[in-house]
Amino acid sequence: MSSTEPTEPRHTALDALHRSLGATMTDFAGWDMPLRYGSERDEHVAVRTRAGLFDLSHMGEITVTGAEAAAFLNFALVGNIASVGVGRARYTMICQADGGILDDLIVYRLADTEYMVVANASNAQVVLDALTERAAGFDAEVRDDRDAYALIAVQGPQSPGILKSLTDADLDGLKYYAGLPGTVAGVPALIARTGYTGEDGFELFVKPEHAVELWQALTKAGEGVGLVPCGLSCRDTLRLEAGMPLYGHELSTSLTPFDAGLDRVVKFEKEGDFVGREALLQAAERAEQNPPRVLVGLIAEGRRVPRAGYAVVAGGEVIGEVTSGAPSPTLGKPIAMAYVDAAHAAPGTAGVGVDIRGSHEPYEVVALPFYKRQK
Amino acid sequence: MNNPQQLRYSKEHEWLSGAEDGVSTVGITEHAANALGDVVFVQLPEVGDTVTAGESCGELESTKSVSELYSPVTGEVTAINEDVVEDPSLVNSAPFEGGWLFKVRVAEEPAGLLSADEYTAFSTGEES
């Protein structure tokens, strides 16, 4: 978090609508965001079985344009962004020179020389500053587009049907991790088949002045199939079940992608140097020789919920730490992601527990994710 | 928020029923249940335990957080609500009825428990 004086929270273009829907609001990275509208469990189940509507306008959009946009992003980020086709998207990371993770990102290639980088709300300024600094010497422009977009996500098995009723865009031709410009309910939108819930779904980037109109059109289109508005609380349990990392929990500047088990995002073979290469090569080597703690799933045998920061124990010794935990509506049991010593990381390892306020509760070690949708 | 007139309330958002044969029932208010979100686990005192007014005697766990359960009075626990242990969502769905938490033989009541109207004003003020 920044060290500046606390200021008034920012409001999205949908703020009045959330309040009229009776949302419980919460401060999130300086934004006043809906936590839930009714029961977060019901919202979670709606996304898994029907559809949910999210306001994600707090996410940080940064546009990168210019003849060397691709080469610049290859230098600034750890992924091979130049190899992303137009109309496709990639999950990637921006690291410090020492290899620590500054943020995880989704990068959409909108045109040959135009990309949109989407950063976490809490890191948007940090990412913007780092990209701006790293752009020196490249024929590339980094533009802060945080105020240019509202972001509405419709997620869940019914979401393709809902969206199809509102757009002529070729949704069947739109693959997972792809995005194309189109019109939804008469509103110009970047339609992306991405999300953070483990379900099929779409993220719609639109001008803020169109957000209310689009939200209402989606609500109406989803009426017959059980679409409900959803808050950040169920977004967190959905992503946890899907085993997706969250910055500040599973990812931080004190971890490299190799410590986080996300080796695959680092592309040493790409052309040219990139920020963090040397440190990441060393981190890869270290990980090879001396396996770091491994990110695993834990499923409770009992009913007590593990929270971020709680110790993972085995034989009375601390062997790891919980990074995220919550009751899982889909599994009906508390679940957690945790970094544990490699010796205890194999699925089915016996005798692993979580220290829940002094009591060692038994947990089963499982591979991530907890939940995978049927395709 | 609907706070039943016949109950008394603590500033920690517990309610206390009138005593029948010296035994009162304790629960948390609808205001508190809403603030917690979906309650998924309750840890209650045991029958025979002595609870002390204003002191922690259990915990309520919701999707996002853990909260201490305070006793509004001092006395001996005579019953706990097994239904709510089995199905903690009763705290959300019926905080003043099926979602009661425990019964206590009141030995001492602190000064300063609120009436329904006083509690409504207090909890509304806290909200804004």
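Quick look at the values:
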item: Index of the failed condition, A:Asp15 passing every other in (1) under 22 Å from B:Gly37 (Cα atoms); (2) surrounded by 18 or more Cβ atoms within 10 Å (Cβ to Cβ); (3) touching a residue at least 40 places away in the same chain (Cβ under 8 Å); result: (3)
item: Candidate set from segment A:23-72 (those that are away from chain B (no Cβ under 12 Å) and among the β-branched types (Val, Ile, Thr)); member that is surrounded by the fewest Cβ atoms within 10 Å (Cβ to Cβ); result: A:Thr49
item: Hits in segment A:199-243 - residues which are part of a helix (DSSP H, G or I), among the small types (Gly, Ala, Ser) and within 14 Å of chain B (Cβ to nearest Cβ); result: A:Ser233
item: Strands (runs of 3 or more DSSP E) wholly inside segment A:1-66 containing at least 1 residues that are of a type in the set (Gly, Ala, Ser); result: A:51-55, A:60-65
item: A:Thr92 being within 30 Å of A:Ala279 (Cβ to Cβ), among the polar types (S, T, N, Q) and surrounded by fewer than 21 Cβ atoms within 10 Å (Cβ to Cβ); result: no
item: Residue in segment B:5-17 that is nearest to the other protein chains (Cβ to nearest Cβ), counting only those that are over 24 Å from A:Gly22 (Cβ atoms) and not in a strand (DSSP E or B); result: B:Glu12
item: In segment A:48-71, the residues that are of a type in the set (D, E, K, R) and within 30 Å of A:Gly224 (Cβ to Cβ); result: A:Arg48, A:Arg50, A:Asp55
item: From A:Tyr196, A:Tyr115, residue being at pLDDT 95 or above and either at positive phi or in a strand (DSSP E or B) (or both); result: A:Tyr115
item: Residue match in segment A:99-112 (condition: assigned to a loop (DSSP other than H, G, I, E, B) and touching a Ser or Thr at 6+ places or on another chain (Cβ under 8 Å)); result: yes
item: Test: residue in segment A:216-225 that is at pLDDT 95 or above, within 22 Å of A:Glu40 (Cα to Cα), surrounded by fewer than 22 Cβ atoms within 10 Å (Cβ to Cβ) and of a type in the set (Ser, Thr, Tyr); result: yes
item: Wholly enclosed helices (runs of 4 or more DSSP H) of segment B:18-111 bearing at least 3 residues under 11 Å from the mean Cα position of the chain (by Cα); result: B:30-36
item: Residue check, A:Met116 under 16 Å from A:Tyr196 (Cβ atoms) and touching a residue at least 40 places away in the same chain (Cβ under 8 Å); result: no
item: Number of the exception - A:Arg235 against (1) free of Cβ contacts under 8 Å to residues at least 60 places away in the same chain; (2) among the basic types (Lys, Arg); (3) surrounded by 18 or more Cβ atoms within 10 Å (Cβ to Cβ); result: (1)
item: Total residues in segment B:28-46, condition among the small types (Gly, Ala, Ser) and in contact with a Pro (Cβ under 6 Å, 6 or more places away or on another chain); result: 1
item: Unique match (being closer than 14 Å to A:Leu251 by Cβ, assigned to a helix (DSSP H, G or I) and in contact with a Leu (Cβ under 9 Å, 6 or more places away or on another chain)) among A:Val127, A:Val78; result: A:Val127
item: Flag for A:Ala150 being buried (at least 18 other Cβ atoms within 10 Å of the Cβ), touching a His at 6+ places or on another chain (Cβ under 8 Å) and either closer than 15 Å to A:Phe75 by Cα or in contact (Cβ under 8 Å) with a residue 24 or more places away in the chain (or both); result: yes
item: Of all residues in segment B:55-69 being farther than 15 Å from A:Pro327 by Cα and surrounded by fewer than 16 Cβ atoms within 10 Å (Cβ to Cβ), the one that is nearest to the other protein chains (Cβ to nearest Cβ); result: B:Glu59
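Results for (1) among the polar types (S, T, N, Q); (2) surrounded by fewer than 23 Cβ atoms within 10 Å (Cβ to Cβ); (3) within 12 Å of chain B (Cβ to nearest Cβ), shown as yes or no for each residue.
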position	(1), (2), (3)
A:Ala300	no, no, yes
A:Ala308	no, yes, yes
A:Gly325	no, no, yes
A:Leu331	no, yes, no
A:Pro347	no, yes, no
A:Glu361	no, yes, yes
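The values are calculated or read from the model by the stated rules, or taken from the named source; none is laboratory data. Fair warning: this is a prediction, and the values are worked out from it, not measured in the lab. Positions of Cβ are backbone-derived with ideal geometry, glycine not excepted, and every protein chain shown enters the neighbour counts.
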